[in-house]
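Chemist: The structure is given below, and queries will be raised subsequently.
The values are calculated or read from the model by the stated rules, or taken from the named source; none is laboratory data. In this text, all values refer to a predicted model and were calculated from it rather than measured experimentally. Note that each Cβ is placed from the backbone with ideal geometry, even for glycine, and that neighbours are counted across all protein chains shown. Areas reflect the complete protein model, heavy atoms only, side chains present, ligands, DNA and RNA absent. Shrake-Rupley method; radii C 1.70, N 1.55, O 1.52, S 1.80 Å.
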Amino acid sequence: MKRLIGAWIIAGVTLWLTSLILGPRMLFDGFWPIVWTAAVIGLLNFVLAPLLNLLTCPIYLLTLGLSRFLISGLVLVIAHKWVDGFYIASYWWAVLAAIIISILTGAIDKMAKGK
């Protein structure tokens, strides 16, 4: 349970930091939309992303994994549709947000592990 809550907190922090970086292209109306967006993204990554990754496996191999950001962008767009108070300007901004989130999550994980 601690790992789940820790991952949820890290996801919320990276979403908030990404919204600061992207400015008006990615907005939250407050604290709770960040929390719910992190939860929805976690749920979608658990349920939908593996199916999409399986369906796009040939593209994943051809792009050496870069297509994963396209799927993550799609997950962000779906979360935008489901969560009131979360706004992302377009699919391509969602892809850029996915790249930034990936970098920030890696950095936070590295700092948390002390490496």
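Chemist: Among the residues of region 13-33 satisfying the criterion of being open to solvent by less than 30 Å² (accessible area, probe 1.4 Å) and touching a Ser or Thr at 6+ places or on another chain (Cβ under 8 Å), which is nearest to residue 77 (Cα to Cα)?
Modeler: 26
Chemist: Also, quick follow-up: Is it the case that region 32-53 has a residue that's closer than 15 Å to residue 99 by Cα, at pLDDT 90 or above and either among the polar types (S, T, N, Q) or in contact with a His (Cβ under 6 Å, 6 or more places away or on another chain) (or both)?
Modeler: no
Chemist: Shifting gears a bit: Return the residues of region 79-102 that are in contact with a helix residue (DSSP H, G or I) (Cβ under 9 Å, 6 or more places away or on another chain) and either among the polar types (S, T, N, Q) or open to solvent by 40 Å² or more (accessible area, probe 1.4 Å) (or both); say none if nothing qualifies.
Modeler: 80, 82, 84, 87, 89, 90, 91, 92, 93, 96, 99, 102
Chemist: Separate question: With respect to the numbered conditions (1) modelled with pLDDT of 95 or more; (2) closer than 22 Å to residue 47 by Cβ, which one is the sole condition not fulfilled by residue 93?
Modeler: (2) is the only condition that residue 93 fails.
Chemist: In addition: For region 17-97, give me every one of the helices (runs of 4 or more DSSP H) that falls completely inside it and has 1 or more residues that are of a type outside the set (Gly, Ala, Ser), in contact (Cβ under 8 Å) with a residue 40 or more places away in the chain and under 20 Å from residue 5 (Cα atoms).
Modeler: 31-55
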